[in-house]
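Presented below is the structure to which this report refers.
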């Protein structure tokens, strides 16, 4: 990378800076989401497991109380049932009725007749009972049946129904408590994950900002990360990279300055050689003519011829020096919006009056409504003049010169086409170098001057030429 590229780097980086990622695409959000989800899943699994265990314990406690109570009823009513002591049986059911969560209790003989019950309306009625003891739950109640056996013979049955509403309310409270703990775990996990993500990504943001500053050309930036983790190691590697870039940039700058000086000297040498080559022939003619005029016995005809040579070659030397001065003293372009069609028509009118354009048909094709572009009027007038003058000088006899101004893709293109002798293939690649020309009378600076002016306009010449067919020279300007 050259020093010129380094100086232009900030503009390039600023214009191509990637957009800031959305919150959901950032590493901080992903880290926070991952930690929060893991924390919530683990805590949720633990809490739900505990809720399940507690629910089972509550159910087991209810079933245990129910079985203990019905067993006590069976034991307490056995003797009274054998003796058919209805008063004692009623006393047993009344004591059972006072127990919490009891909905109904009854003592039934082997025939199915209700001998005692917590509900006096059922006494004396016959109920059909199954042969085996069972416990059933449904619609907010738990029903248990226990057979009373004496010597292996069933003599009666004890029936007990208990309410499960208290059980269900406790289970609901336990479940709500578990959900609350899960929600609290999610909130706490999210906050902890956010704090952790801030701690981890803070140093990454410092590195990112430092990288952006290096990208904008500030090679002296360094990061101070005291952490001894991977991010701290990355910060040390970043500082080493920045120091290496700074050294390389200084070396490149020095090399560029050396190369620029060498190129400047080479350019001066090349221009000096070109100027010496161009003025050698006319200067030799001037020297020889002066020597002839110094003779006292020079005939009048030869004297007149020598004076004519002096005038012609002096004008040629003057033209060469003027063109070189125009090439060397091109001022900075002052761009402004303006109409290209009017400028081209003006130059075409001047070209039509040129002595060499007498046998040339000059045509201009232009859409005045779509020809506004940014340009320096004086400099662009000189460019168009040079290109059109080159075109008519390339037409040996009668010919045609066509100038077209058109707009396309945000630019205004100016193209100048002639049907002249064209440019030889061996000159086409270097025709825009100073003092390179295919004409004997040309200085080879017209296209060079045009190219330098157009480069200040942000564009260059494009040349397509075929020998004995013609040449098309074009350039684009920023449309407005």
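The values are calculated or read from the model by the stated rules, or taken from the named source; none is laboratory data. Please read these numbers as outputs of a predicted model, since none were measured by experiment. Here the Cβ positions follow ideal geometry from the backbone for every residue, glycine too, while neighbour counts run over all protein chains shown.
Give the residue that is nearest to residue 178 (Cα to Cα), with candidates limited to residues of segment 37-54 that are within 40 Å of the chain's Cα centre (by Cα) and surrounded by 17 or more Cβ atoms within 10 Å (Cβ to Cβ).
Top of the filtered list is 44.
If I filter segment 128-147 down to residues being in contact with a strand residue (DSSP E or B) (Cβ under 9 Å, 6 or more places away or on another chain), within 20 Å of residue 162 (Cβ to Cβ) and surrounded by fewer than 14 Cβ atoms within 10 Å (Cβ to Cβ), which single residue comes out as modelled with the highest pLDDT?
140
Out of the residues in segment 330-339 that are in a loop (DSSP other than H, G, I, E, B) and surrounded by 11 or more Cβ atoms within 10 Å (Cβ to Cβ), which is modelled with the lowest pLDDT? Give the steps one after another, and end with the answer.
Residues of segment 330-339 that are in a loop (DSSP other than H, G, I, E, B), as a first pass: 330-335.
Those still in the list that are surrounded by 11 or more Cβ atoms within 10 Å (Cβ to Cβ) too: 330, 333-335.
Working: 330: 67, 333: 80, 334: 86, 335: 89.
Once the filter is applied, the top-ranked residue is 330.
For the structure I just gave you, tell me whether residue 293 is out of contact with any strand residue (DSSP E or B) (no Cβ under 7 Å at 6 or more places or on another chain) and modelled with pLDDT under 80.
On the way: out of contact with any strand residue (DSSP E or B) (no Cβ under 7 Å at 6 or more places or on another chain): yes; modelled with pLDDT under 80: no.
Considered against the rule, which asks whether it is out of contact with any strand residue (DSSP E or B) (no Cβ under 7 Å at 6 or more places or on another chain) and modelled with pLDDT under 80, residue 293 comes out as no.
Report whether or not residue 416 is touching a strand residue (DSSP E or B) at 6+ places or on another chain (Cβ under 8 Å) and not in a strand (DSSP E or B).
no
Name the residues in segment 364-379 that are touching a strand residue (DSSP E or B) at 6+ places or on another chain (Cβ under 8 Å) and within 14 Å of residue 459 (Cβ to Cβ), would you?
373, 374, 375, 376
Identify all residues within segment 152-166 that are loosely packed, with under 14 Cβ neighbours inside 10 Å and assigned to a strand (DSSP E or B); write none if there are none.
Across segment 152-166, the qualifying residues are 153, 154.
Is it the case that residue 25 is over 30 Å from residue 157 (Cα atoms), exposed (fewer than 11 other Cβ atoms within 10 Å of the Cβ) and modelled with pLDDT of 60 or more?
Values: over 30 Å from residue 157 (Cα atoms): yes; exposed (fewer than 11 other Cβ atoms within 10 Å of the Cβ): yes; modelled with pLDDT of 60 or more: yes.
Taking the combined requirement at face value, the residue satisfies it.
I'm trying to understand the selection: among the residues of segment 433-480, which are under 23 Å from residue 322 (Cβ atoms), in contact with a strand residue (DSSP E or B) (Cβ under 8 Å, 6 or more places away or on another chain) and either at pLDDT below 80 or assigned to a strand (DSSP E or B) (or both)?
Correct list: 473 only.
Could you list all residues from segment 220-237 that are surrounded by 15 or more Cβ atoms within 10 Å (Cβ to Cβ) and within 20 Å of residue 247 (Cβ to Cβ)?
Matches in segment 220-237: 221, 223, 235.
Of the conditions (1) at pLDDT 80 or above; (2) outside any helix (DSSP H, G or I), residue 17 fails just one. Which one is it?
With (1) at pLDDT 80 or above; (2) outside any helix (DSSP H, G or I) applied to residue 17, the lone miss is (1).
State whether one or more residues within segment 167-183 are within 30 Å of residue 127 (Cα to Cα) and part of a helix (DSSP H, G or I). Spell out how you get there, then give the answer.
Going through segment 167-183, the residues within 30 Å of residue 127 (Cα to Cα) turn out to be 167-168.
The next check asks that each one be part of a helix (DSSP H, G or I); those that pass are 167-168.
Yes, that holds for at least one residue.
Taking segment 204-219 on its own, how many of its residues are surrounded by 14 or more Cβ atoms within 10 Å (Cβ to Cβ) and in a loop (DSSP other than H, G, I, E, B)?
Final tally of qualifying residues: 3.
Here is a list of conditions, (1) within 28 Å of residue 171 (Cα to Cα); (2) surrounded by fewer than 17 Cβ atoms within 10 Å (Cβ to Cβ); (3) over 60 Å from the mean Cα position of the chain (by Cα), and residue 101 meets all of them except one; can you say which number that is?
Going through (1) within 28 Å of residue 171 (Cα to Cα); (2) surrounded by fewer than 17 Cβ atoms within 10 Å (Cβ to Cβ); (3) over 60 Å from the mean Cα position of the chain (by Cα) one by one, residue 101 breaks only (2).
Could you list, in sequence order, the residues of segment 70-93 that are touching a strand residue (DSSP E or B) at 6+ places or on another chain (Cβ under 9 Å) and not in a helix (DSSP H, G or I)?
Selection gives 84 alone.
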